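Novice: Sending over a structure as structure tokens; questions will come in a sec.
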Amino acid sequence: MDAKQKHGKFKDILDIASPALRPICESLRSLVASQHADFVEVVWPNHKIASFGVGPKKLTQHYAYIAVQSLHINLGFYHGSSLADPAGLLEGTGKELRHVKIRDISSAGSVAIASLLRQAIAERRPYE
């Protein structure tokens, strides 16, 4: 990616992630695509995140993001504090942001993760 370019491509996220974490990133992106065929993706390589929404506006139209950490991947939810989380996966204490630390590929494909994502998408749909 050119240093002057603000946004990147999902490949930039894969390049940032360690080889062990790349399949998790790909699995989470596939999960987003399976739940929301027309998702909008914006990648900020400098922040190590790929963000997903119903439109390009991060704070009003995005519902989730994949953030590369050194030992895990965070699947974050911009309005996560309003999501039902019976499995108790969500972490964070901010006003709205919540995230799930994903350390293995099986966790990325769990029913509980898919449920959180479906809720987050539904919550943002009125802003399409």
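The values are calculated or read from the model by the stated rules, or taken from the named source; none is laboratory data. Owing to the predicted nature of the structure, the values given are computational and were not obtained by experimental measurement. Positions of Cβ are backbone-derived with ideal geometry, glycine not excepted, and every protein chain shown enters the neighbour counts.
Novice: Examine segment 75-93 for a residue that is surrounded by fewer than 19 Cβ atoms within 10 Å (Cβ to Cβ), at positive phi and in contact with a His (Cβ under 6 Å, 6 or more places away or on another chain), and state whether such a residue exists.
Specialist: yes
Novice: Collect the residues in segment 52-68 that are in contact (Cβ under 8 Å) with a residue 24 or more places away in the chain and either buried (at least 17 other Cβ atoms within 10 Å of the Cβ) or over 16 Å from Pro126 (Cα atoms) (or both), keeping them in residue-number order.
Specialist: Within segment 52-68, Gly53, Val54, Gln61, His62, Tyr63, Ala64, Ile66, Ala67, Val68 qualify.
Novice: Here's a follow-up. Cβ-Cβ distance below 6 Å, separation of 6 or more or different chains: which pairs start in segment 94-116 with a residue that is over 17 Å from Ser34 (Cβ atoms) and end on one that is at pLDDT 95 or above and aromatic (Phe, Trp, Tyr)?
Specialist: If the second residue must be at pLDDT 95 or above and aromatic (Phe, Trp, Tyr), the pairs left are Arg98/Phe77.
Novice: Restricting attention to segment 91-108, which residues are closer than 26 Å to Ser18 by Cα and either hydroxyl-bearing (Ser, Thr, Tyr) or within 13 Å of the chain's Cα centre (by Cα) (or both)? Before you say what the answer is, go through the steps one by one.
Specialist: First, pick out the residues of segment 91-108 that are closer than 26 Å to Ser18 by Cα: 91-92, 97-108.
Matches in segment 91-108: Leu97, Arg98, His99, Val100, Lys101, Ile102, Ser106, Ser107, Ala108.
Novice: Here is a further query. Can you find a residue that is among the charged types (D, E, K, R), more than 24 Å from Ser110 (Cβ to Cβ) and part of a helix (DSSP H, G or I) anywhere in segment 19-41?
Specialist: Within segment 19-41, none of the residues are among the charged types (D, E, K, R), more than 24 Å from Ser110 (Cβ to Cβ) and part of a helix (DSSP H, G or I).
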